[in-house]
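Trainee: Provided herewith is a single structure, encoded as structure tokens, for subsequent inquiry.
The values are calculated or read from the model by the stated rules, or taken from the named source; none is laboratory data. Nothing here was measured: the structure is a model prediction, and the numbers come from that model. Quick reminder, even Gly has a Cβ in these numbers, built from the backbone with ideal geometry, and neighbours come from all protein chains shown. Only protein heavy atoms, including side chains, enter the accessible area calculation; ligands, DNA and RNA are left aside. Shrake-Rupley method; radii C 1.70, N 1.55, O 1.52, S 1.80 Å.
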Amino acid sequence: MSELKGWKEIPIAGIPFKPGTEYKTGSWRTFKPVLDDSKCVRCLLCFVYCPEGCITWNETENRVVIDYDFCKGCGICAAECPRQAIEMVLEAA
Amino acid sequence: MTAITKKVEQKLLGLNGDEAVARAIKQCNVDFVAAFPITPQTIIVERFSEYVANGEVDTAFVCVESEHSALSACVGAAAVGARAFTATASQGLALMHEIVYIASSLRLPIVMAIVNRALSGPINIHCDHHDSMAERDACWIQFYCEDAQEAYDTTIQAFRIAEHPDILLPVMYMMDAFLISHTMQNVWVLPDEVVKEFVGYRKIPEVEIPFYGKVPFAMRPNVPLTLGPLDLFDYYYEHKMQQQAAMERAPDIIKKVHDEYAEISGRRYGDGMIVPYKVEDADIVLMCIGSTAGTARVAADLARQEGVKVGVLRIRSYRPFPAHQVRELLKGVKVVGVLDRCGPYGAIGGPLYVETCATLYHAKERPLLVDFIYGLGGRDMSVQDLRGIIAELVDVMRTESPEPTLRFRGVRE
């Protein structure tokens, strides 16, 4: 931690110096969801259930994309996928 | 209220306090209202939902399932930059309690009307100040109104004060249950366009974030900010100090907005912080908040006809507390009777008494101070009761002894 600042120098309302998006919480992950595009029917249930907003729809590529910078590997998407298109794979040590 | 020359043509309407608040909210360009009806605040929500249903306002109105949700929704709305309003009373305010602190610490300029109602138990719907006194230390600006007209005027001023870039604190303003909320009164109402111009639209101030530089202080997807994160021993204190500093800046801005409003409306409430009545030459002063001030002025005038010099000091802004003015105004006063519509329960007196005691401790000449607890659960406070209090204070002045300093007025033995 850098030198602590005084109350006149810091943003009000407890706003951190950098936004939460700068902390890549994906590093907390133990299991990584891996999507098999050939099994995926684009129903987007994974998008609906993802509690972190890490699953998005890439319209140009016609596929579901997982943001590994923020996915914490909770496995809800894999559990909810009706086609078992998502596999939870142990992260490399 | 002191009337000065009216600059703007106004309409005189028969409104109760709740209706006066609803009407003011309708004129204030409010973006978002979330509220849950609770007696005696219900009429505010009812009237305002009528305005929404009739298309008279473009406000987003959310019917929530509780007061905790009402204030939480306002926190969310204010965080994205909306002008947010809610209203509640008693148990509703108590249920909001944790969000009350969150709103002020997130520096969200929410405006909330409170109709002062006793807290359970036993359950009671009538007036006393237990509910808002419980939120006294939550770093909200707190105004206590004396009548429906002041409730209307304070609503309009509240947005300007809360949203001022040097303050950014929420404002709650109080009306006594039924005595103000349900009592029909002649209320002068400003034209819509005049109020709209006075309050304007909510301006989003900038905040300096090391990662970005200067950015708008509002949640925007393209400039993500984190609001309400964990803040431990290394920075929590600094953020609380910022709240304190904002509160210290508040009196000047409250007075300035009050002056500007007086220019267009012709109505003044003292200097916006404190409202003295015949205090300059008084030997005895009755100190109070809320609707009792009017009754106290009548009692003071009657006492003066009998040669007892009585004045009335009404605190309009309870937070920030006008300590300096109290000290100045009470110079030379011999006896002060503090009227508390809230129980002391183990303290040396009610909240206004404790505040006044502490304020006067550093004064060179201190008046004798007596606390009168009154009106709990809506027990009436008549001119006759106040004349009885004045008689007791005359005794205090004669004997030079304030004992007992804590007295209970109007309770049966």
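Trainee: For chain B, what is the calculated [θ] at 222 nm in deg cm²/dmol (nearest 500), taking -39500 (n - 2.57) for each run of four or more DSSP H residues and dividing by its residue count?
Mentor: Details: 12 runs with 158 residues, N = 413.
Result for chain B: -12000 deg cm²/dmol, rounded to the nearest 500.
Trainee: Continuing with this model, one more query. Quick one: accessible area per residue over the range B:86-229, 1.4 Å probe, rounded to a whole number of Å²? Walk me through the intermediate numbers first.
Mentor: Details: 4960 Å² over 144 residues.
Solvent-accessible surface per residue comes out at 34 Å².
Trainee: Classify the range B:90-194: rounded, prolate or oblate, from the alpha-carbon gyration tensor (a ≥ b ≥ c, eigenvalue square roots; a/c under 1.5 rounded; otherwise prolate if a/b is larger than b/c)?
Mentor: Working: a/c = 2.69, a/b = 1.04, b/c = 2.60.
Note, shape of the range B:90-194 comes out oblate.
Trainee: Rounded to the nearest 100 Å², what is the buried accessible area between B and A, both sides summed, probe 1.4 Å?
Mentor: Buried: approximately 1900 Å² between A and B.
Trainee: What share of the DSSP beta bridges in the protein assembly as shown is antiparallel, in percent to the nearest 5? Could the numbers behind the result be given before it?
Mentor: On the way: 27 of 65 bridges.
Just about 40 percent of them are antiparallel.
Trainee: Placing unit charges on C-beta atoms (Lys and Arg positive, Asp and Glu negative, everything else neutral), compute the dipole magnitude of chain B about its Cα centre in debye, rounded to 20.
Mentor: 520
Trainee: Treat every Asp and Glu Cβ in the protein assembly as shown as -1 and every Lys and Arg Cβ as +1, leave all other atoms uncharged, and give the resulting dipole magnitude about the Cα centre to the nearest 20 debye.
Mentor: Dipole of the protein assembly as shown, to the nearest 20 debye: 500 debye.
Trainee: At 1.4 Å probe size, with every protein chain present, just tell me what the per residue accessible area of chain A comes to in Å². If you can, show how the numbers build up before the last one.
Mentor: Working: 6170 Å² over 93 residues.
Dividing the accessible area of chain A by its residue count gives 66 Å².
Trainee: Go through B:Tyr345, B:Gly332, B:Ile274 and say which Cα lies farthest out towards the positive end of the charge dipole of the range B:274-408; charges sit on Cβ, +1 for Lys and Arg, -1 for Asp and Glu.
Mentor: So the residue furthest toward the plus end is B:Ile274.
Trainee: Answer with one residue from A:Cys54, A:Ala79, A:Val64: the one whose Cα lies farthest towards the positive end of the charge dipole of the range A:24-90, charges on Cβ with Lys, Arg +1 and Asp, Glu -1.
Mentor: The residue sitting most towards the positive pole is A:Ala79.
Trainee: At 1.4 Å probe size, with the rest of the protein present, what percent of the exposed accessible area of the range B:274-408 is carbon and sulfur atoms?
Mentor: Working: 2930 of 5610 Å².
For the range B:274-408, the apolar C and S fraction of the accessible surface comes to 52 percent.
Trainee: In a Debye calculation with equal point scatterers on the alpha-carbon sites of the range B:11-149 and no solvent, what is log10 I(q)/I(0) at q = 0.13, 0.18, 0.21 Å⁻¹?
Mentor: For the range B:11-149 at q = 0.13, 0.18, 0.21 Å⁻¹, log10 I(q)/I(0) is -0.52, -1.02, -1.38.
Trainee: May I ask for log10 I(q)/I(0) of the range A:47-93 at q = 0.13, 0.21, 0.34 Å⁻¹, from a Debye sum over the Cα atoms as equal point scatterers with solvent left out?
Mentor: -0.30, -0.77, -1.38
Trainee: With Rg and the Kirkwood Rh both taken from Cα atoms, where does Rg over Rh land for chain B? Walk me through the numbers before you get to the answer.
Mentor: Working: Rg = 21.3 Å, Rh = 21.9 Å.
Using Cα coordinates only, the ratio equals 0.97.
Trainee: Still on this structure, I have one more. Calculate the FRET efficiency for B:Asp231 and B:Ser66 from the Cβ-Cβ distance with a Förster distance of 25 Å, rounded to the nearest 0.05.
Mentor: Numbers: r = 27 Å, r/R0 = 1.06.
Here the calculated transfer efficiency is 0.40.
Trainee: I would also like to ask the following. In deg cm²/dmol, rounded to 500, what helix-only [θ] at 222 nm does chain A give when every DSSP H run of at least 4 residues adds -39500 (n - 2.57) and the total is split over its residues? Write down the numbers at each step before the final one.
Mentor: Working: 2 runs with 10 residues, N = 93.
After summing the helix terms and dividing by residue count, I get -2000 deg cm²/dmol.
Trainee: Would you grab the residues whose amide H sits under 5 Å from the one on B:Gln185? Only those 5+ places off in sequence or on another chain, please, with H modelled 1.01 Å from N.
Mentor: B:Leu15, B:Asn16
Trainee: Could you run the Karplus curve 6.51 cos²θ - 1.76 cosθ + 1.60 with θ = phi - 60° over the range B:234-247 and give me ³J(HN,Hα) per residue in whole Hz, x for Gly and Pro?
Mentor: 7, 9, 3, 4, 4, 5, 5, 5, 4, 5, 4, 5, 5, 4
Trainee: While we're here: Go through B:Val30, B:Leu12, B:Leu108 and say which Cα lies farthest out towards the positive end of the charge dipole of the range B:1-137; charges sit on Cβ, +1 for Lys and Arg, -1 for Asp and Glu.
Mentor: B:Leu12
Trainee: How far is helix B:90-105 tilted off the main Cα axis of chain B, in degrees rounded to 10, range 0 to 90?
Mentor: The helix B:90-105 is inclined about 60 degrees to chain B.
Trainee: About the Cα centre, and with charges only on the beta carbon of Lys, Arg (+1) and Asp, Glu (-1), how big is the dipole of the range B:274-408? Nearest 20 debye, please. Working shown, then result.
Mentor: Numbers: 17 positive and 16 negative charges, 72 e Å.
The calculated dipole for the range B:274-408 is roughly 340 debye.
Trainee: To continue, here is another question. Each residue of the range B:286-303 in turn: what ³J(HN,Hα) in whole Hz from Karplus with 6.51, -1.76, 1.60 and θ = phi - 60°, glycine and Pro shown as x?
Mentor: Along the range B:286-303, the couplings run 9, 9, 7, 10, x, 5, 4, 4, x, 4, 5, 5, 4, 5, 5, 5, 5, 5 Hz.
Trainee: Turning to a different aspect of this structure: Rank B:Phe233, A:Phe17, B:Phe85, B:Phe61 by accessible area, highest first, at a 1.4 Å probe radius?
Mentor: Values: B:Phe233 190, A:Phe17 70, B:Phe85 5, B:Phe61 50 Å².
Largest accessible area first, the list is B:Phe233, A:Phe17, B:Phe61, B:Phe85.
Trainee: A further question follows. Find the relative contact order for the range B:280-401 and round it to a whole percent, using C-alpha pairs within less than 8 Å whose residues are 6+ positions apart.
Mentor: Values: 182 pairs, mean separation 35.9, N = 122.
Taking the mean separation of contacting Cα pairs over the length of the range B:280-401, I get 29 percent.
Trainee: So how far apart, in nm, are the two label points at A:Arg42 and B:Ser382 if each is 7 Å from Cα heading toward Cβ?
Mentor: 8.1
Trainee: Moving on to the next point. Can you work out ³J(HN,Hα) from phi for every residue in the range B:113-123, in order, using Karplus 6.51 cos²θ - 1.76 cosθ + 1.60 and θ = phi - 60°, giving whole Hz and x for Gly and Pro?
Mentor: With the stated coefficients, the range B:113-123 comes to 8, 10, 9, 5, 9, 4, 8, 5, x, x, 5 Hz.
Trainee: Using a Förster distance of 56 angstrom, determine the FRET efficiency expected from the C-beta separation of A:Lys18 and B:Gln305, and round it to 0.05.
Mentor: Details: r = 69 Å, r/R0 = 1.23.
After rounding, the FRET efficiency stands at 0.20.
Trainee: Any idea of the accessible area per residue across the range B:274-408, 1.4 Å probe, to the nearest Å²? Before the final figure, lay out each step's value.
Mentor: Details: 5610 Å² over 135 residues.
Ligands and nucleic acids excluded, the result is 42 Å² per residue.
Trainee: Mind checking which of A:Tyr23, A:Tyr68, A:Tyr49 has the largest fluctuation in a GNM of chain A, springs on alpha carbons under 10 Å?
Mentor: Top of the fluctuation ranking is A:Tyr23.
Trainee: Mind grabbing the accessible area of B:Cys139 for me, 1.4 Å probe, Å², rounded to tens?
Mentor: 20
Trainee: Cross-link candidates for B:Lys26: which aspartates and glutamates have Cα within less than 12 Å, leaving aside residues fewer than 8 places away along the same chain?
Mentor: Partners within reach: B:Glu50, B:Glu56, B:Asp58, B:Asp192, B:Glu193.
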